[in-house]
Amino acid sequence: MGRARRYSALGGIVLFPTVTFAIFFMVVFAGAWILRPHRVAWRAFLLAAGWVFYAWWDYRFVALLAASITLNHLAARATLRWPARQRLVVTLGIVANLVLLGFFKYYGFFVESLERLADSIGFTSPVPFLEVILPVGISFFTFEAIAYLVEIRRGVVTPLPLLDLATYLSFFPKLTSGPITRASEFGPQLDAPADEAGIEVSRALWLVGRGLFKKVVIASYLGEALVDELFATPGQFSAGEALVGIYAYTAQIYVDFSGYTDMAIGLALLLGFRLPENFRSPYIATSVRDFWSRWHMTLTRWIRDFMFWPLAKRTGNRRYIAAVNMVLVMLLVGLWHGAGWTFIMWGGIHGVGLAVERLSRELRRARGIRRPRRSGWRLWVNRLVTFHVVALAWVFFRAHSLEAAFDVFARLGNFGPAPAVTWVLVAVLVAVFGMQFLPDDWTDRAVASFARLRPAVQAAALGVALLVVDAFGPEGVPPFIYFRF
Amino acid sequence: MMTRWWRVRDENARFTRTPAVTLAIMAGALLGGALLNAEPLAETASAQPAGWVRSVAVGAADALAEVSDAVGLDEPHEALDDLLGRGEIAPGDGTPPVGGVVFVPTAERPARLWIAGDSLVETIGAAIVNAAAATGVMEARFEVQFSSGITRPEIYDWSRQLAAGLATQPADILIFMVGANDGQAIETATGFVGFGTDEWVAEYARRVGDLMDMLGTRVSTVYWIGLPIAADERLAVRFAVMNDIYRSAAEERDSTRYIDVFTAFAGPDGGYAALLPDATGRLERVRDPDGVHFTPAGAELVAELVLGVIGEVWEIER
């Protein structure tokens, strides 16, 4: 299958790796720093930039973003007005957010199911069928809004002024795919004086460059080399190709999503904001629990703080109850990614993995068995088992149906030649997985080396980096995998 | 107390610069990158829909390309393209295959299918490959070129690419489907003309006819899949206009058959339907929420339809 993607490189600015976005960002950068000393104008400018960014994708959904901001502002203000009913107000606010998210994300699934049911018994569904387009980033800004209301209730933050809340929720580097930032993290940065030391330009541009390379070159290559074809027509592939294809998707989703996050954090840094990290070498995890402390970290802490602990508080957190809660929460996380059995299966595998680990820890503790040292071969066995559990789950995440996922697995028993597994593909996979083992401070060292260069040399180096990205990347840039969530 | 993590890291002033210097670095990097990538940038600019944005983009990109060429900054990209074997269409062995005859395919001599087209083929191609493999007497491959079509050969020249592809990898049957991106102005000898005008229809029909003629000499049969009904009524009207052109052109040629999916995917009221019964009668979502593309379930229905039409002539038992 040939699959040259030709999405317009000049097109929508919601895609960071486009010329249009580069021009947009240069204008926003200059405007934001010129207006930085002016408190209101600076915020209004950042807000306008966020809305222009969002409108470029679909102007109609700016109204949705504005509605979400208004709704959450009113709920936050109501907690001040009726402090005795804060719990009720926050609950209503959360429900309203969930209704908004639910309508756009699950209405289609609900109506389809209803139509099927009605059709099977010879009736017509009473609910009107509407093609509801999923607004880009709705899951992310809704999660941030819910966290905001809960943090108000918990006394972590006080309600933000409307302009601050709007600027926070509309901040374009994180608007479409996170990182899911808390108001308690972002709000104070709006009030902080401009950093007199200036902009951490080396770190920021390093992150943007690294993210571009991960997304445009590596993720696109892995998709075209094997992943897309394997999941579209699994019947064409042998066991070796299917196995390497599963590894390739495991690598692809990491470089795609972490590449986006790198760019988002780098762009925010250029505008003077620090966003939380989202990835920390997830594929060296030695357990499923460890994986989730390294993968989409801002979602993990959201799940932990706003789903798991509140649930544990109600049900208790003892052995089996905790395990059941883990499965339940991860099933919901699966559903958050999409209304379909594949995502439920993906969440279920992680939930069961977490529950089994939890139970085995508890049982060991109950029997007084010391936790085995995680070193040497045991460490590697743990890593390999965790990696393969995660990779197995990714198959469900990628496949369009359970049947399609099982078709991919079925190929693992079809031994034969593997012409699709090339040395370049293997080398790229080794590089992606090998990078996970680099020491944590390697980025700091790379940034320090880059920072010591003169500005003109830095600019020239970045220009060459753009050449490499364009030459080795596909023609045009496909959307990020996580945009659809 | 909460950890103020955005404050604790790197306070080292050596690694920071003023906004003005930062802007200069970014502008320098973008200018350098634009000069080093001037040629692909110019191609991308010219691929924009006709209008003032395209005019501005083309003007700027052409100016950059001239400067890049003058100072030799376009050479690194060309060298990398050569190294990666990009940019040139494979010439094949020099002798274009001549269209064969219809035969009864067997496991020993399977019918070779090539499915090609725009983004609509992404799911349809996969479904046809899977369905063809299940017959045991067909071998299929498919090629998707996003955002491609017939109105803008500067984005992707299907005529040249298909000729070259068939020269290197011959096929007995070509299944082709484009048009989703063709509802736009087309360039004629007198400039761009708007969609739907007489000039537009004449030029588009000429290009479709030329493509069918070329393909007819290289494969046994061309199966040209028309465009499906779209959720957006204006788009559906445009698709119907293009379908008329494909149908008429196919009827004039023995080597080409037109396959209608417009009416096949309409609902009971003749309008757009996102849900339709599958082969077992179960209601399935067959169209993406964008109202144009097919879901995998919908693509399977298209594959059934297409292989059914092919099977009638090629005597393929399914």
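How many angstrom lie between the Cα centre of segment B:177-252 and the Cα centre of segment A:265-307?
49
How high is the FRET efficiency from A:Thr124 to A:Leu88, r the C-beta distance, R0 56 Å, rounded to 0.05?
0.90
Would you list the P(r) distribution for segment A:24-77, with all Cα-Cα distances sorted into 10 Å bins from 0 and each bin expressed as a whole %?
Each 10 Å bin holds this share of Cα pairs: 23, 40, 32, 4.
Quick check: from the Cα gyration tensor, does chain B come out rounded (a/c under 1.5), prolate or oblate?
prolate
Collect residues whose amide H, placed 1.01 Å from N in the peptide plane, falls under 5 Å from the amide H of B:Ile259; neighbours closer than 5 in sequence don't count.
It is B:Trp224, B:Ile225, B:Gly226, by chain and number.
Just how large is the dipole of chain B about the Cα centre, in debye to the nearest 20, putting +1 at every Lys and Arg Cβ and -1 at every Asp and Glu Cβ?
The calculated dipole for chain B is roughly 1060 debye.
Work out the FRET efficiency for A:Ala391 and A:Ile369 from their Cβ-Cβ distance, taking R0 = 35 Å, and round it to the nearest 0.05.
Result of the calculation: an efficiency of 0.75.
Would you kindly work out the equivalent ellipsoid of segment A:94-212 from its C-alpha gyration tensor and give its semi-axes, the square roots of five times the eigenvalues, largest first in whole Å?
Values: eigenvalues 318, 75, 18 Å².
They are 40, 19, 9 Å, listed largest first.
Averaged over all directions, how much area does the convex hull of the C-alpha atoms of segment B:26-183 cover when projected, in nm²? Don't skip to the end; give the middle numbers.
Details: hull surface 50.0 nm².
Computed as one quarter of the Cα hull surface, the answer is 12.5 nm².
Amide H neighbours of A:Thr18 under 5 Å, counting only residues 5+ apart in sequence or on other chains, H built in-plane at 1.01 Å?
none
Given segment A:93-161, what whole percent of its Cα pairs are spread farther than 14 Å?
67
Where does helix B:296-314 land angle-wise versus the long Cα axis of chain B, in degrees 0 to 90, nearest 10?
Relative to chain B, helix B:296-314 is tipped by roughly 40 degrees.
So for segment A:254-356, what are the equivalent ellipsoid semi-axes in whole Å, largest first, each being the square root of 5 times an eigenvalue of the Cα gyration tensor?
Over the Cα atoms of segment A:254-356, the semi-axes work out to 27, 15, 13 Å.
Check every DSSP H run in chain A and write down those whose alpha carbon atoms cover 20 angstrom or more along the long axis and whose mean Kyte-Doolittle hydropathy is 1.0 or greater.
A:19-35, A:138-153, A:319-337, A:455-472
Can you pull the one-decimal nm distance between simple spin-label points at B:Ser248 and A:Leu379, each 7 Å off the Cα toward Cβ?
In this crude spin-label approximation the distance works out to 7.4 nm.
Calculate one ³J(HN,Hα) per residue across segment B:185-198 by plugging θ = phi - 60° into the Karplus curve 6.51 cos²θ - 1.76 cosθ + 1.60, and present them in order as whole Hz with x for glycine and proline.
4, 10, 8, 10, 4, 9, x, 6, 10, x, 4, x, 6, 4
Could you list which residues have their amide H under 5 Å from that of B:Ile175, counting only those 5 or more apart in sequence or on another chain, with H placed in the peptide plane?
Residues meeting the criterion, in which the H sits 1.01 Å from N, are B:Trp114, B:Ile115, B:Ala116, B:Tyr223.
Could you give the alpha-carbon Rg of segment A:376-466 over 2.2 N^0.38 Å, rounded to two decimals? All intermediate terms of the calculation are to be shown ahead of the outcome.
Working: Rg = 20.0 Å, N = 91, 2.2 N^0.38 = 12.2 Å.
Cα-based Rg divided by the globular estimate yields 1.64.
Using the Cα gyration tensor of segment A:208-318, with a ≥ b ≥ c the square roots of its eigenvalues, what is the shape: rounded (a/c below 1.5), prolate (a/b larger than b/c) or oblate (neither)? All intermediate terms of the calculation are to be shown ahead of the outcome.
On the way: a/c = 2.95, a/b = 1.30, b/c = 2.27.
It comes out oblate by the Cα gyration axes.
In terms of the Cα gyration tensor, with a ≥ b ≥ c the square roots of its eigenvalues, is segment B:203-318 rounded because a/c is under 1.5, prolate because a/b exceeds b/c, or oblate?
Judged from the Cα gyration tensor, segment B:203-318 comes out oblate (a/c at least 1.5, b/c at or above a/b).
I need to check one value: relative contact order of chain A, counting alpha carbon pairs closer than 8 Å and at least 6 residues apart, in percent.
The value is 20 percent.
Which is the longest run of chain A containing none of the trypsin sites (Lys or Arg not before Pro) found in DSSP loop states (not H, G, I, E, B) with at most 12 other C-beta atoms within 10 Å?
Details: sites that count: A:Arg154, A:Arg318, A:Arg367, A:Arg370, A:Arg373, A:Arg452.
No qualifying site falls inside A:155-317, the longest such stretch.
Any idea what angle helix B:158-168 forms with the longest principal axis of chain B, computed on alpha-carbon atoms, 0 to 90 degrees, nearest 10?
Computed tilt is about 70 degrees.
Straight-line reach from A:Lys105: which lysines fall under 21 Å, measuring Cα to Cα and dropping same-chain residues less than 8 apart?
The qualifying lysines are A:Lys174.
Based on the inverse mean of 1/r over its pairs of different Cα atoms, what is the Kirkwood hydrodynamic radius of segment B:220-274, in Å?
11.7
Exactly which GluC sites (Glu not before Pro) in segment A:171-241 are in a DSSP loop and have at most 10 other Cβ atoms within 10 Å?
Qualifying residues, ordered by number: A:Glu196.
Take the Cβ-Cβ distance between B:Gln169 and B:Ala240 as r, set R0 to 41 Å, and report the resulting FRET efficiency rounded to the nearest 0.05. Write down the numbers at each step before the final one.
Numbers: r = 34 Å, r/R0 = 0.82.
Result of the calculation: an efficiency of 0.75.
From the C-alpha gyration tensor of the protein assembly as shown, pull out the three semi-axes of the equivalent ellipsoid (sqrt of 5λ each), sorted largest to smallest, in whole Å.
44, 33, 28
Sort B:Thr295, A:Thr250, B:Thr44 by Cβ crowding within 10 Å, fewest neighbours at the top.
Least crowded to most crowded, the residues run B:Thr295, B:Thr44, A:Thr250.
With just the Cα atoms defining each centre, how far is segment A:405-453 from segment A:188-245? Give it in Å.
Rounded to whole Å, the Cα centres lie 12 Å apart.
For segment A:47-118, state which chymotrypsin sites (Phe, Trp or Tyr not before Pro) are in a DSSP loop and have at most 12 other beta carbons lying within 10 Å of their beta carbon.
Numbers: sites: A:Trp51, A:Phe53, A:Tyr54, A:Trp56, A:Trp57, A:Tyr59, A:Phe61, A:Phe103, A:Phe104, A:Tyr106, A:Tyr107, A:Phe109, A:Phe110; in loops: A:Tyr59.
Listed in order of number, the matching sites are A:Tyr59.
Which residue, A:Leu402, A:Ala232, A:Tyr168, has the largest displacement toward the positive end of the dipole of the protein assembly as shown when charges sit on each Cβ (Lys, Arg +1; Asp, Glu -1)?
The listed residue farthest towards the positive side: A:Tyr168.
None of the figures in this text is laboratory data; all of them are computed from the coordinates on show. What you are looking at is a predicted structure, and each value in this text was computed from that prediction instead of being measured. Please note: Cβ atoms are built from the backbone with ideal geometry, for glycine as well, and neighbour counts cover all protein chains shown.
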